[in-house]
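This report concerns only the one structure given below.
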Amino acid sequence: MSGEDGGARDFGAWMRRRRIAAGLSQEELAASSGVSVRAISDLERGRTTRPYPRSMRLLAAALAGTGPMPVAAAAPGHVVPRELPAPVRHFTGRAAELDKLSELAAAGEVPALVICAVGGTAGVGKTALAVQWAHQVADRFPDGQLHVNLRGYDPSEPLSAADALAGFLRTLGVPGTEIPDGLEDRARLYRSRLAGRQVLVLLDNARDAEQVRPLLPGDPACAAVVTSRDALAGLVAADGAQRLDLDVLPEADAIGLLRSLIGARADEDPDAAAALAGLCARLPLALRIAAELAAARPAAPLADLAAELAADRLDLLEAGDCRADVRAVFSWSFRQLPEDAAAAFALLGLHPGNDLDVLAAAALTGTTTGQARRVLGLLYRASLLQAAGPGRYGMHDLLRAYAREQAVVAEQARVRDADGWRDRAVTRLFDYYLAAAAAAMDILYPAEARYRPRKIATAAVTPEMAGDAEARAWLDTERANLVAVVVYCGGHGWSRHAADLAGTLFRYLISGSHLPEALTIYGHALQAARRSGDLAAEAEFLNNLGSITMLTGHFRDAADLFQAALARYGRCHDRPGQAQALQNLGTTEIQQHNHQAAVGYYREAIAAYDDVGDSLGAAHTLTRLAGAETELGWHDQASQHLLLALPVFREANDQGGEALTLNGIGVLNASRGQLAQAAAFFEQALAIYRRIDNRNGVAAQLHNLGDVSLHQGRYQRASKYLRQALARYQEIGQKHGELMTLRRLAEALQGADQPAAARAALADALRLAAETGNTYQQASAHHELAESHHRAGQDAEARRHWQQALALYTQLGAPEADQVRARVSALEADRDAAGQAAG
């Protein structure tokens, strides 16, 4: 399937789901959007491969306002990203280049994606030009602007295209659980999300064409601007990119930039200003650093400053190489720094992430926050750091490489504590991140504190977090840095830090649907554990990866990972770990409707928790065991186990466990036919889940309340609850919950005499079951589709679905196979009787 075909089909599938959730017919959607019924029908059936962008925008706009809860995660056009960095201060010159970019972008009026590749040497101002132009034309791209720094020439690893796509997809509203694992799948979904939209994509600091190509949009209404030191010849030849090469600034513009930065001094001695511009090779990066030095020494004549730079340049480097000229400016600026600022600059280059705040800087440099703040301000004013957001600083990749060189030089020059000076600095940084992350997690998930890794004693000041909002905000802000720290630690000998930080972040990552980041963290942590021979850590990260895989709905793959974790926990005699893995295995069986197998795993898990005196862990498993027992009709046992678990959670102030148990009591009451009592327990659980901001729990309780209304025959009320649940499941990317809710919604729609809408919902449920490999749910969806077609007199379709359901139920050994077999036999008998009567 081509990218365009995939985008249209994805949009059509989304449109149908949203239309059904809103209770609209195709005719009603046509009336509200202005798009014909035929066009809507063709889109939903996948018959249209190149829909008009205008039609897609009209349909998205019409559906965006329908229903009580908008489905932001699935709606192309719903999220409008504004990711452009701020333009540089005193941008000077480049009028011809700006005009050229505008001229190239104007070609977007014909059906061809515009790709502009801005090239040139390091420090020539590629990013500044691209950002300046992007701000000038932002209004021509009303659906938003995306930006990513690909770190193609950073001293550390470049950002992979897959990771860049994960960031873009999240920005475009795709939940972490719906971001595919593979590069190609992410690229297809990305192009689909941009279909029918006018978006400007700025891909900064690319390494090569291979890194860029998956990030290019597919819609001709979009534009992409790529900056790189590479010629990107492959992008030009194969993808039709238009190349714009930047040279150094003309002398007049170079002097003009100096004038805008240092004022009248440039006019008072024009020869010295020209000399200074020449010594900076007329490169904007070098000119800005030189200007900041001049501004810091207002009494020094420009001629003297130019002479100093000339001496450094001749002493250190060969003339004629632009990068050499930049390096000379760096050296000159670096030599003017106070000793503490110079040491801090060198150490800041060791940070593995993109940016940092004053607390991380204080930890890295081993200073107080006041000292760190003063030094960061000094380095920023010297243009050796750049602003990366409120209170945050980053480094140009050339400066980062230079800073790391200076860190090596500084360590070699130290007399008393030379050995390990850099290692001690980054260890302080890693200790800080681990301590701060643990503090945030203790606020958000206090009941699980004892399950998390050891706490690190650190002299660094950690952030103040008064409550849940501040703790979550810190984790969200630092998430990219935390990923970078785990990756760096895992590959550079800090395996214990990698393991501890990964273990600390687990609940945050999976509860917040940050699954791409979680896969990166636990994949690297697992590799580090294997390299270091840490069997216990290997078991933990296999267990974590299993939990992530289970969230995506791939229960069999998850079970394989849990089994691998269980074996390793056994080899290192880790009973708590065995208990966790056994509980997780039970949950995978529940999701595949294997309740007897689940009971066995849960009982083993409870025994393991009892062995180590973990009453809270046992209570969590008792609640899950009760769920399996309820499904099996063992109501008395289920009731006993739920009543044992509830006081344990309340005593421990484990609100999530309490809500889970109240949910279980509600399910048990519903199973006994006590619907009013069930609804009361679901309402109690819903209130707790809302209070602790557990979106998955909120969705589950809305689903349960819809289920109760359905059994009471209150179909409109059931539809209302189920649509709210469906929207929340789609927002967080919980496909299994979405699947189950679609099945219940279909039942409510059937009861409300909307059979076509019910079948459409079941078709979506069937698709989700196939995507996630849930054989039981596939069989159930086929069975329900067959019943719906049979009621409508469509016996050929009914027979087809029943035969597929029978094959799947038989494969599972499920008792439903006998019921379906009887339905097929009855249908065949009716057909034979009808044939004989006709004969």
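The values are calculated or read from the model by the stated rules, or taken from the named source; none is laboratory data. Since we're looking at a predicted model, the values are computed, not measured. All Cβ positions, glycine included, derive from the backbone under ideal geometry; neighbour counts span all protein chains shown. Calculation scope for accessible area: heavy atoms of the full protein, side chains included, ligands and nucleic acids excluded. Shrake-Rupley method; radii C 1.70, N 1.55, O 1.52, S 1.80 Å.
With R₀ fixed at 22 Å, the C-beta to C-beta distance from residue 450 to residue 480 puts the FRET efficiency at about 0.20. Taking the chain as the reference, fit the longest principal axis to its C-alpha atoms, fit the long axis of helix 615-631 to the helix C-alpha atoms, and give the angle between the two in degrees, 0 to 90, nearest 10. Tilt of helix 615-631: around 40 degrees. Ignoring lysines fewer than eight residues from residue 735 along the same chain, the ones with Cα atoms less than 20 angstrom from its Cα are 720. Each part gets one Cα centre, and for the stretch 143-172 versus the stretch 80-106 those centres are 20 Å apart.
Applying 0.36 nm per residue to the separation of residue 413 and residue 464 and subtracting their alpha-carbon distance, the gain on full extension is 14.7 nm. Residue 723 contributes about 50 Å² of solvent-accessible surface, heavy atoms of the protein only, 1.4 Å probe. Along the charge dipole of the stretch 367-473, which of 412, 401, 459 sits closest to the positive end, that is, farthest toward it, with unit charges on the beta carbon of Lys, Arg, Asp and Glu (+1, +1, -1, -1)? In the stretch 367-473, that residue is 412. The alpha carbon centroids of the stretch 682-729 and the stretch 225-281 are separated by 60 Å. For the chain, the residue among 382, 667, 811 whose Cα projects farthest onto the positive side of the dipole built from Cβ charges is 667. Within the shell defined by Cβ-Cβ distances under 14 Å, the residues around residue 607 carry a net charge of -2, with Lys and Arg each +1 and Asp and Glu each -1.
Relative to the longest principal axis of the Cα atoms of the chain, helix 284-296 runs at roughly 60 degrees.
For a test of the definition: using alpha carbon positions, the gyration tensor, and the 1.5 limit on a/c, classify the chain as rounded, prolate or oblate. Provide the component values of the computation, followed by the final result.
Details: a/c = 2.73, a/b = 1.59, b/c = 1.72.
Verdict is oblate for the chain.
Using a Förster distance of 35 angstrom, determine the FRET efficiency expected from the C-beta separation of residue 571 and residue 640, and round it to 0.05. For residue 571 and residue 640, the calculated efficiency is 0.50.
Estimated at the nearest 10 Å², the accessible area of residue 411 is 30 Å² with a 1.4 Å probe.
Would you mind classifying the stretch 165-263 by shape? Square roots of the alpha carbon gyration tensor eigenvalues, ordered a ≥ b ≥ c; an a/c under 1.5 is rounded, otherwise it is prolate if a/b is larger than b/c and oblate if not. The partial results should precede the final answer.
Numbers: a/c = 2.62, a/b = 1.95, b/c = 1.34.
Judged from the Cα gyration tensor, the stretch 165-263 comes out prolate (a/c at least 1.5, a/b above b/c).
Sorting 735, 720 by solvent-accessible area of protein heavy atoms yields 720, 735, largest first, with a 1.4 Å probe.
Taken about its Cα centre, the chain carries a charge dipole of about 1220 debye when Lys and Arg each add +1 at the Cβ and Asp and Glu each add -1 at the Cβ.
Note: relative contact order over the stretch 626-751, using C-alpha pairs below 8 Å and six or more positions apart, is 17 percent. Extending 7 Å from Cα along the Cβ direction at residue 405 and again at residue 181 yields two label points whose distance is 4.2 nm. With contacts taken as Cα pairs under 8 Å and at least 6 residues apart, the chain reaches a relative contact order of 9 percent. Dipole of the stretch 569-657 computed with +1 at Lys/Arg Cβ and -1 at Asp/Glu Cβ about the Cα centre; of 608, 578, 638, farthest Cα towards the positive end is 578.
Loop-resident trypsin sites (Lys or Arg not before Pro) (DSSP state other than H, G, I, E or B) in the stretch 153-242 with no more than 12 further Cβ atoms inside 10 Å of their Cβ are absent. Taken about its Cα centre, the stretch 725-832 carries a charge dipole of about 160 debye when Lys and Arg each add +1 at the Cβ and Asp and Glu each add -1 at the Cβ. If the cut-off is a Cα-Cα distance under 21 Å, which lysines reach residue 100, setting aside same-chain residues fewer than 8 apart in sequence? Candidates past the 8-residue exclusion: 126.
Per residue, the chain exposes 41 Å² of solvent-accessible protein surface, assessed with a 1.4 angstrom probe and all protein chains in place. Nonpolar atom fraction for the chain, defined as the carbon and sulfur part of the 1.4 Å probe accessible area, stands at 50 percent.
Placing 114, 408 in order of accessible area, with the largest value first and a 1.4 Å probe, yields 408, 114. Take the alpha carbon gyration tensor of the stretch 750-839, find the square roots of its eigenvalues, order them as a ≥ b ≥ c, and report rounded if a/c is under 1.5; if not, report prolate when a/b exceeds b/c, else oblate. Verdict is oblate for the stretch 750-839. Here the chain carries DSSP beta bridges of which approximately 15% are antiparallel, counting only pairs with both residues inside. Annotation: residue 462 carries an accessible surface of approximately 50 Å², with a 1.4 Å probe and no ligand, DNA or RNA atoms counted. Sequence-ordered 3J(HN,Hα) estimates for the stretch 641-650 from the Karplus curve with 6.51, -1.76 and 1.60 and θ = phi - 60° stand at 5, 5, 6, 6, 7, 4, x, 5, 5, 5 Hz, glycine and proline given as x. Between residue 299 and residue 711, what is the spin-label point distance in nm, taking each point 7 Å from the Cα along the Cα→C-beta axis? Going from the residue 299 label point to the residue 711 one covers 8.7 nm. By how many nm would the segment from residue 83 to residue 819 grow when fully extended, if each residue of separation counts as 0.36 nm and the alpha-carbon distance is taken off? Result: 259.4 nm gained on full extension. Give, rounded to the nearest 20 debye, the magnitude of the charge dipole that the stretch 659-797 has about its Cα centre when Lys and Arg contribute +1 at Cβ and Asp and Glu contribute -1 at Cβ. The calculated dipole for the stretch 659-797 is roughly 480 debye.
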